[in-house]
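Below is one structure, written out as structure tokens, with a few remarks after it.
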Amino acid sequence: MGVFESIIGGATAESSVWADGLRARPERELVPVFSPLAPEPLALGLETVYEAYLTHYGTPRLFSVEDTDEAILLGDYLYAHGLVRVAEAGGVDAVSVMARLISRCAALRADGSAGDGEEWVAAARALGGAPSDEAVAVALTRHSARVAP
């Protein structure tokens, strides 16, 4: 099962609310953003956490939940499951990297500051990724299309 199918399968099995909030197939954007920058075993966890981030702060690729409270709960669910997947693949050190990432990005958003994409790149590198400049540029372009500055 692929990364996006795993995210969708887990969420829809967990709650009918998440199943109801799933975008129609033609509307889903099944393009990884930051996981290509990190080691492959961390891809599922990283993209799950990123979908949570988009649910809270941008335009999610997989879900469209209109109710603000439900969107917050879905994002929190995705954060939790993403961190479990990161822990399984990379242990406590990887979870620590992700916790710092989530905290830094939330602070940037609260301050209305830019730089969250660069934080995701730094986290991918801290997780052991060694992305090329081109891969970083692609990820940042994809990210900027999903979040408002």
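The values are calculated or read from the model by the stated rules, or taken from the named source; none is laboratory data. If you're wondering where the values come from, they're calculated on a predicted model, not measured in any experiment. With ideal geometry, Cβ positions are generated from the backbone for all residues, glycine too; neighbour counts draw on all protein chains shown. We work out accessible area using only protein heavy atoms, side chains counted, and drop any ligands, DNA or RNA first. Shrake-Rupley method; radii C 1.70, N 1.55, O 1.52, S 1.80 Å.
Before moving on, here are some points about what is shown:
- Label-point gap, in nm, between Val84 and Ala107 - each point 7 angstrom along Cα→Cβ: 2.9 nm
- Taking packing as the residue-averaged number of other Cβ atoms within 10 angstrom, the listed peptides 42-52, 132-142 run from highest to lowest as 42-52, 132-142.
- Applying 1/(1 + (r/R0)^6) with R0 = 22 Å to the Cβ-Cβ distance of Asp93 and Ala130 gives a FRET efficiency near 0.85.
- Panel note: the C-alpha atoms of the stretch 62-109, placed on their principal axes, show extents of 35, 24, 15 Å (largest first).
- Summed over the residues of the stretch 1-144 and divided among them, the accessible surface reaches 48 Å² per residue at a probe radius of 1.4 Å.
- Label-point separation, Ser16 to Ser144 (7 Å along Cα→Cβ), nm: 4.4 nm
- Calculated from backbone phi, Karplus (6.51, -1.76, 1.60) coupling profile of the stretch 32-48 in Hz, x at Gly/Pro: x, 10, 9, 4, x, 8, 10, x, 3, x, 9, 4, 4, x, 5, 5, 5
- The modelled label-to-label distance for the pair Glu27/Ser64, using points 7 Å beyond Cα in the direction of Cβ, is 0.2 nm.
- Kirkwood Rh in Å, taken over the chain so that all alpha-carbon pairs contribute: 15.2 Å
- Helix 3-14 vs. the chain, principal-axis angle (Cα, 0 to 90°, nearest 10): 40 degrees
- Solvent-accessible area of the stretch 62-149 (1.4 angstrom probe, protein heavy atoms only): carbon and sulfur portion equals 54 percent.
- Protection proxy ranking, highest mean first, for peptides 120-131, 68-79: 120-131, 68-79, where packing is the per-residue count of other beta-carbon atoms within 10 Å, averaged.
- Cα gyration tensor shape for the stretch 1-58, rounded if a/c is under 1.5, else prolate or oblate: prolate
- Here's how it looks for Leu22: its modeled amide H is under 5 Å from those of Ser64, which are all 5 or more places away or on a different chain.
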